[in-house]
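K.L.:
Below: one structure in structure tokens.
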Amino acid sequence: MRQTIQQAYELAKDTRERAYAPYSGFKVGAALLTADGDKVYTGCNVENASYGATICAERNAILHAIAEDGIQDYEAIIVVSDDEPPAPPCALCLQVLTEFCSPDMRVILGTLEGIQIEYTLKDLLPHPFDGSKLQKG
Ligand code: THU
């Protein structure tokens, strides 16, 4: 059975509860849905006393996906925060997502009340730094 965007939203919202955000108090949850709908990989933000070492929810989700099952095609990432309008992925996360996700991947933003806004990855990062020319072999 395919997992739906709504199910992925609920998983992102649940995962947000496990965010470790003692410094900002701003909890974020993310859920990455595969293109075949078979799996959802979740992430939450994990902060650090050395603030720059903080990992955002979106990077946590894509790293989780790769660590668990390798690189796949992804239909959407759903990001949930308690903010109005809901937070989009930061520029660092957009760049990391661009390495592994299609420019047409859906980026769906929600609050605790539900899904609010939808973009594509290329809407949010239209001209990413392209590493393909740097790859050796
Ligand atoms: N954060 C995310 O996890 N994702 C976003 O989309 C924006 C920001 C986190 C990083 C940090 O832990 C907190 O939110 C405040 O910046």
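K.L.:
With each run of n ≥ 4 DSSP H residues scored as -39500 (n - 2.57), what mean residue ellipticity at 222 nm is computed for the chain after dividing by its residue count and rounding to the nearest 500 deg cm²/dmol?
P.N.:
Numbers: 4 runs with 39 residues, N = 137.
Helix contribution divided over all residues of the chain: -8500 deg cm²/dmol.
K.L.:
Considering every pair of different Cα atoms, what Kirkwood radius, in Å, is found for the range 5-134?
P.N.:
Numbers: mean 1/r = 0.0692 Å⁻¹.
Kirkwood radius, the range 5-134: 14.5 Å.
K.L.:
Could I ask something else about it? Taking other Cβ within 10 Å of each residue's Cβ, how do Ile78, Ile62 sort, fewest first? It would help to have the intermediate numbers written out before the result.
P.N.:
Details: Ile78 29, Ile62 22.
Final ranking by Cβ density, sparse to dense: Ile62, Ile78.
K.L.:
Something else: Arrange the peptides 20-32, 110-122 so that the one whose residues have, on average, the most other Cβ atoms within 10 Å appears first.
P.N.:
Numbers: 20-32: 18.9, 110-122: 15.5.
Descending packing order for the listed peptides: 20-32, 110-122.
K.L.:
Equivalent ellipsoid semi-axes for the range 84-136, as square roots of 5 times the alpha carbon gyration tensor eigenvalues: give them largest first, rounded to whole Å.
P.N.:
Numbers: eigenvalues 130, 19, 13 Å².
Each semi-axis is √(5λ); the values are 26, 10, 8 Å.
K.L.:
Here is a follow-up. So which GluC sites (Glu not before Pro) in the range 1-75 pass both tests, a DSSP loop state and at most 16 other Cβ atoms within 10 Å of the Cβ? Provide the component values of the computation, followed by the final result.
P.N.:
Working: sites: Glu10, Glu17, Glu47, Glu58, Glu68, Glu75; in loops: Glu17, Glu47.
Passing sites in the range 1-75 are Glu17.
K.L.:
Let me ask something else. Arrange Arg16, Arg59 by Cβ neighbour counts within 10 Å, fewest through most, would you?
P.N.:
Numbers: Arg16 25, Arg59 21.
With the fewest neighbours first, Arg16, Arg59 line up as Arg59, Arg16.
K.L.:
Reachable lysines from Lys136, Cα under 28 Å, same-chain residues fewer than 8 places away excluded?
P.N.:
Lys122
Laboratory data are not the source of any read-out in this text; all were calculated from the coordinates shown. In this text, all values refer to a predicted model and were calculated from it rather than measured experimentally. Backbone-built Cβ (ideal geometry, glycine too); neighbour counts: all protein chains shown.
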